[in-house]
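The values are calculated or read from the model by the stated rules, or taken from the named source; none is laboratory data. Keep in mind that this is a model prediction, so the values were computed, not measured. Virtual Cβ from ideal backbone geometry, glycine too; neighbours counted across all protein chains shown. Ligands, DNA and RNA are stripped out before the accessible areas are found, and what is left, the full protein with its side chains, is counted by its heavy atoms. Shrake-Rupley method; radii C 1.70, N 1.55, O 1.52, S 1.80 Å.
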Amino acid sequence: MDRFQRTFEKIRKEKRIAFMPFLVGGDPNPEKGLEILKEVAKYSDGLELGLPFSDPVADGPTVQAADTRALKAGVTPDKVFEIVKQLRKETDIPITFLVYANLVYQRGIEKFYKDAKIAGVDGVLVPDVPLEESGQFVQAAKHADIRPIFLITPATNKERRKKILREAEGFIYIVSVLGVTGARAEVEPRTIQLVKNLKQETDLPLVVGFGISTPEHVKTLRMAGADGAIVGSALIKYMEPYYKTPKELQKKLKAYLGAFQKASL
Amino acid sequence: MKINNRKGYFGPYGGQFVPETLMGALQELEEAYKRVPKEQKFKKEFEELLKDYAGRPTPLYFAKNLTKKLGGARVYLKREDLAHTGAHKINNALGQALLAKYMGKKRVIAETGAGQHGVAAATAAAVLGLQCDVYMGTIDIERQKPNVLRMKLLGANVIPVEAGSKTLKDAINEALRDWTKNVETTYYLLGSALGPHPYPSMVRNFQSVIGKEAKKQVLEKEKRLPDYLVACVGGGSNSIGLFHEFLKDSSVKMIGVEAGGHGIASGKHAARFSGGREGILHGTKSYLLQDKVGQIMETHSVSAGLDYPGVGPEHAYLRETKRVTYTFATDKEALEAFHFLSETEGIIPALESAHAIAEVMKLAKKLPKNKIIIVNLSGRGDKDLGIIVGKEIYA
């Protein structure tokens, strides 16, 4: 049983939803980034980790700003691999990479997935590689025993969902809004409908991200039957003012993440 | 080299590297693009627009003074600068805006570097009654002010982009994000032979009118095919538009000219084929200027329209198959060519096109007098006067 299976089996048994924050690896710098991840992991059922990229077209301004901060602090894919290695000493929750195609391609597709596995990564999502281009990426993932994670959006029709579900492993990442990442006011009704439809179509865990920003959203998703909720931009924005005061950040995170944790029960 | 025969590929280059959210829109576009331009009604309307509105065919002008001064091959200028809005960009903008209208879209968005595509998109939107938003990096807004004013006059909304290098690359990022959000109502009017399939072939096909006209015109004037075609290559739409019609004519040599900026060694340039390697950006696999791990590099060129880290995938393929040769001209060479053409022929070229003229200045001299060169004068230079004046002051 892999870490995803273990986590989601437990979640389903406890009749709750997995809380899976997204952060950019090495934001605001490699040292602080690692400390923040260790802290966030304590309150989380899984982690999404973005590899900073110069042109993150699927992301909104908050994540792009985090990418830029990390890149300015000298974060490279190597450094994020190293961060995961360190993090793995302290946590056993599943870790998923969110990485743009060019960073995978430049490292060598096979090598990227192998290195990710060695570092302790469980799943890899390449947001700018849709099903049509995914052949080599999925193959490399399978060779390396990494779960290829796929996006499904409210605009993905049933026929297409069927094809994606044939390739996807680990969990399905449901994009809750048409658009890029970034905090939103509410969960759209068609996202709820998509969760319900997908429950009929697959046994894979259904994790919702993009725009999920409050404990209330997490609760709504739990009620709709989703297996996980990803909170990214809202968390990053919340932390930004406290990067220079780690003690205070720790205290703040406890309250902030605690509320999400509670909503997931 | 691994050949990929899949849809949307030119050899190993091309593809559809976009988030899942855009796949539905790309499929809708592909389907519409396969169907609509074949309809008689569309054909007629598009031909009329090109002829009576854009002013096509543009002349093929024998540059007598230039030829004489260079003392070698006979040089012809394909006068895209005389097309409505002052550059070749109008061909593609009218084609795509008309397609958008036939698809029932009310709003088009576009990215622009030099502002020529933004102006063309705003123009096409105005004449066809569509709403138009144009993304433009703040550095480009600064250096291409006349075009910003023109877009506004044409009723378009110019959205400044502050992120990243604040140039064309970042304008494309923002346009893609906008499209992802508004995919159901909005048509993305991409301005170069770049991006995910079907854009590279669609833009090329709308621009191929340049080469078709040039071929007919040179056969009339010279009773034979040219020996060389020369065009500048940013994303690559004016060059592919000229080259495409001649690709099967093996006697015709073709040269694409990239922006050499301050020179390749300086790292401050946009010559993807001299300083780049294969990579994936903005929906396509092609040549890219990037660092060791794959972060996209900031580029430099005196010409905003060539200041982009990627190049259309078909160009990567034409280079790989050695059908087209790619070289570069530096800022300095382009500026010299800008003045040279202005003074010898009374034609002020766009700084983009001046890169192609710079190559012709090197090439024509080396060739005997019976050889023929056609250079694509892709745009006029009025928009660049601010840059030129600035350079003279600092020179």
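With bins 10 Å wide beginning at 0, the percent of Cα pairs of segment A:6-148 falling in each bin runs 12, 43, 36, 9, 0. Couplings for segment A:103-113, taken from phi via the Karplus curve 6.51 cos²θ - 1.76 cosθ + 1.60 with θ = phi - 60°, read 5, 5, 4, 6, 6, x, 4, 4, 5, 4, 5 Hz in order; Gly and Pro are left as x.
Across peptide B:155-163, the average count of Cβ atoms from other chains found within 10 Å of a residue's Cβ is 1. Taken over segment B:1-122, the alpha-carbon convex hull comes to 189 cubic angstrom per residue. Interface size, chains B and A: roughly 2900 Å² of accessible area buried, both sides included, 1.4 Å probe, rounded to the nearest 100. The HN-Hα couplings worked out from phi for segment A:115-128 by the Karplus form 6.51 cos²θ - 1.76 cosθ + 1.60 (θ = phi - 60°) are 5, 4, 4, 4, 5, x, 7, 9, x, 10, 10, 10, x, 9 Hz, whole numbers, x standing for Gly and Pro.
For segment B:149-293, the residue among B:SER274, B:SER165, B:LEU229 whose Cα projects farthest onto the positive side of the dipole built from Cβ charges is B:LEU229.
Counted as membrane-span-like here are DSSP H helices of chain B whose alpha-carbon atoms extend 15 Å or more along the helix's own axis and whose Kyte-Doolittle mean is -1.0 or above; these are B:20-35, B:89-102, B:116-128, B:168-181, B:209-222, B:331-345, B:351-366. Peptide B:20-32 has a mean of 5 when you count, residue by residue, the C-beta atoms of other protein chains within 10 Å of its C-beta. By a 1.4 Å probe calculation restricted to protein chains, B:ARG380 has an accessible surface near 90 Å², given to the nearest 10. Split the accessible area of segment A:14-255 by element, probe 1.4 Å, and carbon with sulfur accounts for 51%. Between the chain alone and the structure with every protein chain in place, find the residues of segment A:153-196 that drop at least 40 Å² of accessible area; heavy atoms, 1.4 Å probe. So the qualifying set is A:ARG160, A:LEU178, A:GLY179, A:VAL180. The residues packed around B:ASN65, meaning those with a beta-carbon under 13 Å from its beta-carbon, carry a net charge of +2 if Lys and Arg are +1 and Asp and Glu are -1.
Computed over protein heavy atoms with a 1.4 Å probe, the accessible surface of segment B:1-93 works out to 45 Å² per residue. The candidates B:TYR135, B:TYR53, arranged from most to least accessible area with a 1.4 Å probe in the full protein assembly, appear as B:TYR53, B:TYR135. In the context of the full set of protein chains, residues of segment B:130-269 present 34 Å² of accessible surface per residue (probe radius 1.4 Å, heavy atoms only).
Net charge dipole, chain B: roughly 1340 debye, given to the nearest 20, about the Cα centre with Cβ charges of +1 for Lys and Arg and -1 for Asp and Glu.
Most fluctuating residue of B:ASP140, B:ASP227, B:ASP249 in a GNM of chain B with Cα springs under 10 Å: which is it? Judging by the Gaussian network model, the answer is B:ASP249. Mean silhouette area of the protein assembly as shown, derived from the convex hull of its C-alpha atoms and averaged over all directions, reads 28.8 nm². Each 10 Å bin, from zero up to the one with the longest distance, holds this percent of the alpha carbon pairs of chain B: 5, 25, 36, 25, 8, 0.
Could you state the accessible area per residue of chain A in Å², with a 1.4 Å probe and every protein chain left in place? Kindly include the intermediate steps, with their values, before the conclusion.
On the way: 10530 Å² over 265 residues.
Spelled out: the 1.4 Å probe surface of chain A, per residue, equals 40 Å².
Helix-only arithmetic for chain B: the sum of -39500 (n - 2.57) across DSSP H runs with n ≥ 4, divided by the residue total, places the mean residue ellipticity at 222 nm at -13000 deg cm²/dmol.
Computed with a 1.4 Å probe on the full set of protein chains, the accessible area for A:ASP59 sits at about 10 Å². Of the residues making up segment B:167-187, those losing 10 Å² or more of accessible area when the isolated chain is joined by the remaining protein chains, with a 1.4 Å probe, are B:LYS169, B:ASN173, B:LEU176, B:ARG177, B:THR180, B:LYS181, B:VAL183, B:GLU184. Per residue of A:56-62, other chain Cβ atoms within 10 Å of the residue Cβ number 5 on average.
When the Cα centres of segment A:61-112 and segment A:146-186 are compared, how far apart do they sit, in Å? When both Cα centres are located, 21 Å separates them. Measuring with a 1.4 angstrom probe and ignoring ligands and nucleic acids, B:GLU31 comes out at about 90 Å² accessible.
What net charge is computed for the residues neighbouring A:ALA70, neighbours being all others with C-beta under 10 Å from the C-beta of A:ALA70, Lys and Arg scored +1, Asp and Glu -1? Mind dumping the intermediate values first?
Values: positive: A:ARG69, A:LYS72, A:LYS79; negative: A:ASP27, A:ASP67.
Net of charged neighbours comes to +1.
Expressed as a whole percent, the accessible surface of segment B:159-257 that belongs to carbon and sulfur atoms is 52, based on a 1.4 Å probe. Considering only B:LEU49, B:PHE10, B:LEU60, the residue lying farthest towards the positive end of the dipole of segment B:1-72 is B:LEU60, judged by Cα position with unit charges set on Cβ.
I'd like the Kirkwood hydrodynamic radius of segment A:14-255, using the inverse of the mean 1/r over distinct C-alpha pairs, in Å.
On the way: mean 1/r = 0.0560 Å⁻¹.
By the Kirkwood definition, the hydrodynamic radius is 17.9 Å.
Among A:LYS85, A:LYS247, A:LYS42, the largest mean-square fluctuation in a Gaussian network model of chain A (Cα springs under 10 Å) belongs to A:LYS247.
When each of the peptides A:190-200, B:93-103 is scored by how many other beta carbons lie within 10 Å of its residues on average, the order from highest to lowest is B:93-103, A:190-200.
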